[in-house]
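The values are calculated or read from the model by the stated rules, or taken from the named source; none is laboratory data. Given the structure is predicted, the values throughout are model-derived calculations rather than measurements. Quick reminder, even Gly has a Cβ in these numbers, built from the backbone with ideal geometry, and neighbours come from all protein chains shown.
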Amino acid sequence: MIGALTLLLLFQLVGEVLARGFDLPVPGPVIGMALLFCALVARKGPGSELRATSNGLLQHLSLLFVPAGTGVMLHFQRLADEWLPLLVALVGSTLLSIALSAVLLNLLARRGRRSADAP
């Protein structure tokens, strides 16, 4: 478990260093997650220790939303003042995510059918 947590935090650290070092507009944890994904694809999946640790973290994922909820309550007046742009951004990004997911699923399904039909 310690090794898997170290691996996860190491990828987050590398992402932070890259984001700050190259002044990228993408958060460091997102870059670290993309690098971890690439490493896992190259290794053909996670090991048993990383899988068990990740599942343990996912079971307690709701605890990670407590700081975000506190931040929302702390800035409630600002949210009340700027509700319309926030609502438009939220609805727009949700619709865009759904549309892009549908397009990607369609492309992957076609690819899967082609490879299943190939001898």
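Couple of notes before you dig in:
- Check on Ala89, within 30 Å of Leu5 (Cβ to Cβ) and out of contact with any strand residue (DSSP E or B) (no Cβ under 7 Å at 6 or more places or on another chain): no
- Within this structure, Val41 passes the test of being assigned by TED's automatic domain parsing to the domain that holds Leu7, under 21 Å from the mean Cα position of the chain (by Cα) and of a type in the set (A, V, I, L, M).
- Tabulated pairs, the range 33-54, first polar (S, T, N, Q), second assigned to a helix (DSSP H, G or I), C-beta under 8 angstrom, 6+ apart or interchain: Thr53/Ala4; Thr53/Leu5; Thr53/Leu8; Ser54/Ala4; Ser54/Leu8
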